[in-house]
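J.: Let me begin by handing over the structure; questions about it come next.
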Amino acid sequence: MAEWQDRAEMNGDVVFFGYAPPGLEKSTPEVFVWDLDKTYLDTTIDSLRGLLQTILERAFNKKNIPGTDTLLRGLSVDFKARGGPDFLPIYFITASPPQLEERINDKLRIDNIRPLGCFYKDNLQNLKPGRFWRLTKQVGYKLQALMQLRMNLNENVRQICWGDDSESDAIIYNLYSDICARRVSTNDLRYILEKLHVTGEQVDVILQHQSQVPANDPVERIYINLATDTDPEYYLKFGRRTLATSNTFQVAIDLFQSERISLETVFSVAEDMIYNYYFTQEELMRSFEDLFRRNVILEAKGEELKAFFVSKGLGGQSFSSTLPPVTADTVFHEPWVEERVDYLHDYR
């Protein structure tokens, strides 16, 4: 048996490496869940060529999505500052094979990130005739992983989830929310999952997990990185809880608005993106304005952010008079979570 198999918990395609001491997972009231590929790391695993390239790539050559490592380190510091424990309760989910666990862990150590656990997809078994299609079908794998994770967490846990627009992550996280909250009947859920290419075996496991988790919705926020430039308006069908973002700076701004990170962390992300990834101040300020146009930022937080950016020399005074105030009345008529989502018609 390979060494990684001695350390992993395996259930079909889902391979879990847990790093948390016993009892720790149940004690944390808030958990961050990041899809690794195209959300934290700039990897391509949705093709045979991309998968092989990822397998051969050394840890120090793996590239971050701009600003993500800085954001996570800042999130960890601010999490402790607002009364959280001395660790960041974060889990990663990747469609990379478990044989890469040590290499990906090395990369996370380089970034000074210590997750509580990571999920991998046993994808090498799909490199055979008749199973190639499963390389790129992630809905069943990720839903099963999320439901497995839910069983290990606090009954009233709140989860902040990250994904991207290349692997149906918005569908996956919202379906996960619906499954936990029992918004969809068993028959409807089986039909939806079948249409989304989830195997019968995976459906049975997901429903078994559903029967073992609390009947409440643990998902507080969903961020979708627009890695393939999907129109942000597509995500309106999921409700305001699902936020499409064009870069990490937009995520940082929204995390500040929810009081999860400080203004200084927002600025650190901006500096990282400017000095290490060649973003311009103008690009970042356009991203800021885009959130205003989409009614994401409320007036009080927007004014605080604008004053802070001006004080730091970001964007100057020119943008401050062009942004309309956004009040709670502007956005609260739109649902935070849609009661019924059309998962089967993907108009993008």
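The values are calculated or read from the model by the stated rules, or taken from the named source; none is laboratory data. In this text, all values refer to a predicted model and were calculated from it rather than measured experimentally. Here the Cβ is made from the backbone with ideal geometry for all residues, glycine too, and neighbour counts use every protein chain on show.
J.: Determine whether Gly239 is under 17 Å from the mean Cα position of the chain (by Cα) and either surrounded by fewer than 22 Cβ atoms within 10 Å (Cβ to Cβ) or more than 15 Å from Val341 (Cα to Cα) (or both).
T.: yes
J.: Please count how many residues of the stretch 191-211 are outside any helix (DSSP H, G or I) and touching a residue at least 40 places away in the same chain (Cβ under 8 Å).
T.: 4
J.: If you don't mind, another one. Among the residues that make up the stretch 222-234, is at least one of them in a loop (DSSP other than H, G, I, E, B) and within 19 Å of Val15 (Cα to Cα)?
T.: No.
J.: For the subset of the stretch 174-188 comprising residues that are without any contact (Cβ under 8 Å) to a residue 60 or more places away in the chain and surrounded by fewer than 21 Cβ atoms within 10 Å (Cβ to Cβ), which member is nearest to Lys237 (Cα to Cα)? Break it down stepwise before answering.
T.: Initial filter on the stretch 174-188 (without any contact (Cβ under 8 Å) to a residue 60 or more places away in the chain): 176, 179-182, 184-188.
Pick out the ones that are also surrounded by fewer than 21 Cβ atoms within 10 Å (Cβ to Cβ) and you get 181-182, 184-188.
On the way: Ala181: 18, Arg182: 19, Val184: 16, Ser185: 20, Thr186: 22, Asn187: 22, Asp188: 19 Å.
If we take residues in the stretch 174-188 being without any contact (Cβ under 8 Å) to a residue 60 or more places away in the chain and surrounded by fewer than 21 Cβ atoms within 10 Å (Cβ to Cβ), then Val184 is nearest to Lys237 (Cα to Cα).
J.: Then there is this: Against the condition at pLDDT 85 or above, at negative phi and out of contact with any Asp or Glu (no Cβ under 9 Å at 6 or more places or on another chain), how does Glu9 come out, does it pass?
T.: When the stated conditions are applied, Glu9 passes them.
J.: Specify which of the listed residues (Val251, Val219, Val269) is at pLDDT 95 or above, within 19 Å of the chain's Cα centre (by Cα) and either more than 30 Å from Ser311 (Cα to Cα) or not aliphatic (A, V, I, L, M) (or both).
T.: Answer to the check: Val219.
J.: For the stretch 47-102, name all the residues that are in a loop (DSSP other than H, G, I, E, B) and at pLDDT below 80.
T.: Filtering the stretch 47-102 for residues in a loop (DSSP other than H, G, I, E, B) gives 47, 57-58, 62-63, 65-67, 82-89, 94-97.
Across the stretch 47-102, the qualifying residues are Ser47, Glu57, Arg58, Lys62, Gly84, Pro85, Asp86.
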